[in-house]
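This report refers to the structure that appears directly beneath it.
The values are calculated or read from the model by the stated rules, or taken from the named source; none is laboratory data. None of these values were measured; they are calculated from a predicted model. Backbone-built Cβ (ideal geometry, glycine too); neighbour counts: all protein chains shown.
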Amino acid sequence: TVDGTNQPWHWVTIPYIGIVHGEIWYLRELVADCAKDGVYEFFLCAPPLVISRGTGSPINPQAIK
């Protein structure tokens with residue numbers, strides 16, 4: 001709380017800090033590929049749509065190994 005006001009994490013981190021959150025990821029294919037070649041490092045790119053005052057956005061995530 002800030003000054004006795006409840007401030008959920010998303011209300012602070014999304015609009016004021018610019019942190020985006022991801023959830024409900026489908027990772028089975030990535031996990032299988034990592035296990036196959038033993039490489040567990042990758043670049044994850046999942047930019048959200050730029051929507052003023054938005055709290056959610058569809059994404060098209062890409063993992064680049």
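Among the residues of region 1-34, what is the count of those that are in contact with a helix residue (DSSP H, G or I) (Cβ under 9 Å, 6 or more places away or on another chain), of a type in the set (A, V, I, L, M) and modelled with pLDDT of 75 or more?
Going residue by residue through region 1-34, those that are in contact with a helix residue (DSSP H, G or I) (Cβ under 9 Å, 6 or more places away or on another chain) are 2, 19-21.
Retained after the next criterion (residues that are of a type in the set (A, V, I, L, M)): 2, 19-20.
If we keep only those that are modelled with pLDDT of 75 or more as well, we get 19.
Count: 1.
Considering only residues of region 35-59 that are of a type outside the set (A, V, I, L, M, F, W, C) and modelled with pLDDT of 85 or more, which is nearest to TRP25 (Cα to Cα)? Walk me through it before giving the result.
Step one: of region 35-59, the residues of a type outside the set (A, V, I, L, M, F, W, C) are 36-38, 40-41, 47-48, 52-58.
Still in the list and also modelled with pLDDT of 85 or more: 36-38, 40-41, 47, 58.
On the way: LYS36: 20, ASP37: 21, GLY38: 21, TYR40: 16, GLU41: 17, PRO47: 14, PRO58: 12 Å.
Among those residues, the one meeting the criterion is PRO58.
Say we look at region 12-24 and pick out the residues that are surrounded by fewer than 12 Cβ atoms within 10 Å (Cβ to Cβ), of a type outside the set (Asp, Glu) and free of Cβ contacts under 8 Å to residues at least 12 places away in the same chain; which of these is farthest from PRO61 (Cα to Cα)?
The qualifying residue farthest from PRO61 (Cα to Cα) is TYR16.
Regarding region 26-35, can at least one residue be identified that is assigned to a loop (DSSP other than H, G, I, E, B) and on the phi < 0 side of the Ramachandran plot?
Our first condition is that a residue be assigned to a loop (DSSP other than H, G, I, E, B); within region 26-35, this holds for 26-27.
Okay, now just the ones that are also on the phi < 0 side of the Ramachandran plot, so 26-27.
Yes: region 26-35 contains one or more residues that are assigned to a loop (DSSP other than H, G, I, E, B) and on the phi < 0 side of the Ramachandran plot.
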